[in-house]
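Novice: Just passing along the structure, written as structure tokens.
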Ligand SMILES: [Zn+2]
């Protein structure tokens with residue numbers, strides 16, 4: 001089976017999945033369209049962090065690679 005799309009890593013697919021979600025803060029409802037997730041890999045998992053500009057809460061998403 002040939003499914004290579006040159007450059008689409010699991011890493012990028014996860015980020016795209018995050019971007020599909022609403023950027024509205026779960027705590028204060030602030031919508032930050034320009035917000036970007038900082039990705040940190042820790043071996044078997046990848047963590048995406050983002051700080052809400054509205055209330056300063058740090059949001060964290062963690063996925064297994
Ligand atoms: Zn917030």
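Novice: Filter region 32-59 for residues that are surrounded by 12 or more Cβ atoms within 10 Å (Cβ to Cβ) and touching a strand residue (DSSP E or B) at 6+ places or on another chain (Cβ under 6 Å) and give the result.
Specialist: Within region 32-59, 35, 37, 39, 40, 46, 47, 48, 49, 50, 51, 59 meet the criteria.
Novice: Oh, and also: Return the total of residues in region 20-65 being part of a loop (DSSP other than H, G, I, E, B) and more than 8 Å from the ligand (Cβ to nearest atom). If you could, list the steps in order and put the result at the bottom.
Specialist: Taking region 20-65 and keeping what is part of a loop (DSSP other than H, G, I, E, B), we get 21-23, 25-30, 32-37, 42-44, 52-57, 65.
Among the residues that remain, those that are also more than 8 Å from the ligand (Cβ to nearest atom) are: 21-23, 32-37, 42-44, 65.
Count: 13.
Novice: Which of the residues that make up region 11-55 are modelled with pLDDT of 80 or more and under 15 Å from residue 65 (Cβ atoms)?
Specialist: 12, 13, 39, 40, 41, 42, 43, 44, 45, 46, 47, 48
The values are calculated or read from the model by the stated rules, or taken from the named source; none is laboratory data. Nothing here was measured: the structure is a model prediction, and the numbers come from that model. Virtual Cβ from ideal backbone geometry, glycine too; neighbours counted across all protein chains shown.
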